[in-house]
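Visitor: First the structure, which I've put down as structure tokens, then a few questions once you've had a look.
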Amino acid sequence: MNEKLSEPKIYLVTGATGFLGNRIVKMLLEEGKKVRVFVRQDYHDERVEVIKGDLTNGESINQAIKGVDVVFHTASFISWNPNDSDKLDQVNIKANRDIIDACIKNNVSKLIYTSSIDAIYGGKAIKDGDESLPYPNKFIDHYSYTKAIAEQDVISANNSNGLMTCSLRTAGIYGPGDRTRLPSIIDVLRKGNYMQIGDGSAHFSHVYVDNCAHAHLLAEKALTPESKVCGQCYFITDHESGYFFDFFKPILTSLEYNVPNRRIPYNLAMVIAYLSEFMAKLPWNKKSVQPMITRYTVASTALDFSFTHDKATRDFNYQPIVQLDIAIEETIKDLRLRGYAK
């Protein structure tokens, strides 16, 4: 009997200290799975095997993947700073290719890649988009470009030495443990710089972290030989889309913030974004200070940027496991505990 088949499967999660990766680890453990994490810093959970390393080091990637059956690759570098293009390429494209190569070399069965709705975003309005959308001919930010290339690399690797792959394009993730989305908005609000972009009619898709992690586990289970999930991309959202700023307002008001109704028109905001990005790339910006606002930020919040998860429902029975009111309640509770209330 094949020795690997006779032993419990080992599930590797990259980016396990991150927002989504950590939740995937917890859900795998709740199911009794044997979990290994690949992290740069300490991971305090005696139930998991910890491999410390860096995505920019091919040898540490190979060490982390050797002997595992399933890889959830959630780690990536997120930045809309035009000065970060080299690091975005190194982490999101090159390291991703090293992970794919290591999976093929080490006879890994499954690779589930955490992509983003940004992978198909070129700055034009998308309302209730589905997987028939093509990649844009031109991206308005380098992060989106790197996610698109990485996703295509993962999908192209499907059926390489028996490796089965799929890519999950997550909407804007929120919930307990969020260190970027809501904390950034609260920081802007505290500084008195909060301003809504656009006329308030655009729709944006969010997804609660537990629902997003649940989708990853469902996709892995459905990723079997001859399955329709193999080599496919899926948008992962949960509840009905709405205006970006309207979504967060009930959370912010529950934290005792007065949310101003100041608005800046789309066209004016885009002009400011162009100038801001131009100034950030000037030679004297030696500290690579990021732009005050970017074209991506403007377009993705002032224009429709919403998607459906119908394909994920059809192919692997994805449905949100946490309802919207509970998701909002848990998010508020977590932010309050972490000192984000006014």
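The values are calculated or read from the model by the stated rules, or taken from the named source; none is laboratory data. What you see is a predicted model; the values in this text were computed from it and never measured. Note that we place each Cβ from the backbone using ideal geometry, even for glycine, and neighbour counts take in every protein chain shown. The protein model used for the area step is the full one, side chains on, heavy atoms only, and it has no ligands, DNA or RNA in it. Shrake-Rupley method; radii C 1.70, N 1.55, O 1.52, S 1.80 Å.
Visitor: Quick one: if you stick a label point 7 Å off each Cα along the C-beta vector at Lys333 and Arg97, how many nm between them?
Guide: 4.6
Visitor: Give me the percent of DSSP beta bridges within the chain that run antiparallel, rounded to the nearest 5. Write down the numbers at each step before the final one.
Guide: Values: 2 of 39 bridges.
Just about 5 percent of them are antiparallel.
Visitor: Rolling a 1.4 angstrom probe over the protein heavy atoms, how many square angstrom per residue are accessible across the chain? Don't jump to the answer; show the numbers that get you there.
Guide: Details: 16110 Å² over 342 residues.
Computed with neighbouring chains in place, this is 47 Å² per residue.
Visitor: When DSSP beta bridges are limited to those with both residues in the stretch 28-176, what percentage is antiparallel, rounded to the nearest 5? Mind showing how you got there, number by number?
Guide: Working: 1 of 16 bridges.
If we restrict to bridges inside the stretch 28-176, about 5 percent are antiparallel.
Visitor: Can you check what the net charge comes to around Thr297, using other residues whose Cβ is under 11 Å from the Cβ of Thr297 (Lys, Arg +1; Asp, Glu -1)? Before the final figure, lay out the partial values.
Guide: Numbers: positive: Arg295; negative: Asp141, Glu277.
With Lys, Arg at +1 and Asp, Glu at -1, the net is -1.
Visitor: Taking K and R as +1 and D and E as -1, what net charge do the other residues with C-beta under 14 Å from the C-beta of Asp101 add up to? Mind dumping the intermediate values first?
Guide: Details: positive: Lys66, Lys94, Arg97, Lys105; negative: Glu59, Asp98, Asp153.
Every neighbour counted, the sum reads +1.
Visitor: With a 1.4 Å probe and every protein chain kept in, tell me what percent of the accessible surface of the chain is carbon plus sulfur.
Guide: 50
Visitor: Further question on the same structure: Using a cut-off of 14 Å between beta-carbons, work out the net charge of the residues near Glu131 (Lys and Arg +1, Asp and Glu -1, Glu131 not included).
Guide: Numbers: positive: Arg169, Lys228, Lys311, Arg314; negative: Asp128, Asp130, Glu151, Asp310, Asp315.
Overall, the nearby charge balance is -1.
Visitor: Sort 265-275, 239-249 for me by packing, meaning the mean count of neighbouring Cβ atoms within 10 Å per residue, highest on top. Intermediate values should be presented prior to the final figure.
Guide: Values: 265-275: 15.6, 239-249: 17.5.
With the highest mean Cβ count within 10 Å placed first, the list reads 239-249, 265-275.
Visitor: Roughly how tilted is helix 181-190, in degrees to the nearest 10 and between 0 and 90, from the longest Cα axis of the chain?
Guide: That works out to roughly 20 degrees.
Visitor: Which lysines, on any chain, are close to Lys87 with Cα under 30 Å apart, when same-chain ones fewer than 8 places away are left out?
Guide: Counting by Cα, and skipping residues close in sequence, Lys87 has these lysines nearby: Lys26, Lys52, Lys66, Lys105, Lys110, Lys124, Lys138, Lys147, Lys191, Lys281, Lys286, Lys287.
Visitor: Now for a different question. Please report the antiparallel percentage of DSSP beta bridges with both residues in the stretch 160-248, rounded to the nearest 5. Please report the intermediate quantities before stating the final value.
Guide: Working: 2 of 10 bridges.
Antiparallel bridges: around 20 percent, rounded to the nearest 5.
Visitor: Hey, what angle do you get for helix 244-254 against the long axis of the chain, alpha-carbon based, 0 to 90 degrees rounded to 10?
Guide: 80
Visitor: Let a ≥ b ≥ c be the square roots of the eigenvalues of the Cα gyration tensor of the stretch 61-154; is it rounded (a/c under 1.5), or, if not, prolate (a/b larger than b/c) or oblate? List each step's numbers first, then the result.
Guide: Working: a/c = 2.91, a/b = 1.63, b/c = 1.78.
Oblate, because a/c is 1.5 or more while a/b does not exceed b/c.
Visitor: Suppose only helical runs count, i.e. DSSP H with n ≥ 4. What mean residue ellipticity at 222 nm does that imply for the chain under -39500 (n - 2.57) per run, divided by all residues and rounded to the nearest 500 deg cm²/dmol?
Guide: Working: 13 runs with 133 residues, N = 342.
Result for the chain: -11500 deg cm²/dmol, rounded to the nearest 500.
Visitor: In addition: Give the angle, between 0 and 90 degrees and rounded to the nearest 10, that separates the Cα long axis of helix 19-30 from the longest principal axis of the Cα atoms of the chain.
Guide: 40
Visitor: For the residue pair Met195 and Lys249, what label-to-label distance in nm results when each label sits 7 Å from Cα along the Cα-to-beta-carbon direction?
Guide: Going from the Met195 label point to the Lys249 one covers 1.9 nm.
Visitor: While we're here: I'd like to compare 143-153, 197-207: which one has the highest average count of other Cβ atoms within 10 Å, and what's the full order after that? Write out the running numbers ahead of the final one.
Guide: Details: 143-153: 22.7, 197-207: 20.4.
For the peptides 143-153, 197-207, the packing ranking is 143-153, 197-207.
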